[in-house]
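Below you'll find the structure, written out as structure tokens, and then a few comments.
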Amino acid sequence: MQRIFAPAKINLFLHVGARRADGFHDLVSLVTFADAGDELHIEKADTLGLKISGPFGSALDAGENNLVLRAVRGMAEIAGRDLPMAITLVKSLPVSSGIGGGSADAAAAMRACLMQWGSTHVSSAALDALALRLGSDVPVCFAGEPALIKGRGETVEPVDMPVLDAVLVNPGVAVSTAEVFAHHSPGSLENMAANAVPKERGTFVKWLAGLRNDLEKPAIAIAPAIGEALAALSDAGARLARMSGSGATCFGIFPTQDDARDAAARIASMRRGWWVRAVKF
């Protein structure tokens, strides 16, 4: 059995422009990946199949439109061959929560196919096109390293950034990405370069605090519990608290790993219905 990790995607900042003619929005975002995530378990089989388990597995449908199956079928198409495998998705991340769970799972499925192929090769262009077709977050999740993303997500520029100790908090509310985008006011899209990202931890956090998530205010208006999650992180000592993606998951950055673990324990004890994890990213 192969085990493929699908880490949570964190938007450290997210600047969103106006809606384009194609329905998408231009954006600039710094994305990194936490050491918490889902897993794909891959076994050889005669046909392609998917089962879903894990704490949040019941919230997903294992039918034909599941992103994992769409990713495998897309890989089979560009490879010109069948890719029969039995897949179990262990869903440990909250669903529709702004941390790229579905996109990370799709990217992990693409990597699983590459591992199955062995010496078979496909072009990078074909892989990039498939990733973008699956979703705007899939290209950066497939790259799997900290990066500035631009356009609708097709431009992925690797970034060297410090490792941070953090806490992820999801207050257990579902937020519609489409609804959040519909209520957001377009912000400015700063022309940032990957080499402009500070490398020293303290400087990085101060720099990050001067940026923003343009979707945070509309998301809080739709789901006030997001504001409660941000307040809980700040009250627990976070140097910076911000929402990731279109919500509802928020992150807080802490000075040390012990600080993050203590804060996570404190928040979890006070909010037993929330999903809380101390992480590194």
Distance between Cα centroids, the stretch 68-105 to the stretch 232-281: provide it in whole Å. 28
Suppose a student asked you for the relative contact order of the stretch 12-130, using Cα pairs under 8 Å spaced at least 6 residues apart; what percent would you report? 29
Under 18 Å by backbone N from the virtual spin label 7 Å along Cα-to-Cβ at ARG133, the residues of the stretch 72-92 are 72-84
When the chain is treated as a GNM, springs tying every alpha-carbon pair under 10 Å, which of GLU39, GLU200, GLU216 comes out with the largest mean-square fluctuation? GLU200
Potential lengthening between GLU154 and SER185 on full extension [0.36 nm per residue; Cα-Cα distance subtracted]: 8.9 nm
Helix-derived [θ] at 222 nm for the chain: sum -39500 (n - 2.57) over DSSP H runs of at least 4, divide by residue count, nearest 500? -10000 deg cm²/dmol
Which net charge results for the neighbourhood of ALA129, defined as the other residues with beta-carbon distances under 12 angstrom from its beta-carbon, given Lys and Arg at +1 and Asp and Glu at -1? -2
Report, in debye and to the nearest 20, how large the dipole of the chain comes out about its Cα centre when Lys and Arg carry +1 and Asp and Glu carry -1 on their Cβ. 260
Quick check of the Kirkwood formula: for the chain, what is the inverse mean of 1/r over all pairs of different Cα atoms, in Å? 19.2
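So for the chain, averaging the separation of alpha carbon pairs under 8 Å that are six or more residues apart and normalising by length, what relative contact order in percent results?
Details: 619 pairs, mean separation 63.5, N = 281.
Result for the chain is 23 percent.
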What full-extension length gain, to one decimal in nm, is calculated for SER176 and ALA125 as 0.36 nm per residue of separation minus the Cα-Cα distance? 15.3 nm
Could you check the simple spin-label distance between PHE5 and SER234, using points 7 Å along Cα→Cβ, in nm with one decimal? 3.3
The stretch 106-190: relative contact order in percent, alpha carbon pairs under 8 Å with at least 6 residues between: 19
So how many Lys-Lys pairs in the stretch 2-157 land under 23 Å Cα to Cα, not counting same-chain pairs under 8 apart? 5
Of the residues ALA143, GLY80, ILE10, the Cα lying farthest along the dipole of the chain towards its positive end, which is defined by charges on the beta carbon of Lys, Arg, Asp and Glu, belongs to ILE10
Relative packing of peptides 156-162, 55-61 - highest average C-beta neighbours within 10 Å first: 156-162, 55-61
So what's the gap between the Cα centers of the stretch 124-188 and the stretch 1-39, to the nearest angstrom? 2
Give me Rg over Rh for the stretch 39-193, both radii from the alpha carbons and Rh done the Kirkwood way, two decimal places. 0.98
At 0.36 nm per residue, minus the direct Cα-Cα distance, what do TRP117 and ARG261 gain on full extension? Give it in nm, one decimal, please. 47.8 nm
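Laboratory data are not the source of any read-out in this text; all were calculated from the coordinates shown. All values reported here derive from a predicted model rather than from experimental measurement. Glycine also receives a Cβ, built like all others from the backbone with ideal geometry; neighbour counts cover every protein chain displayed.
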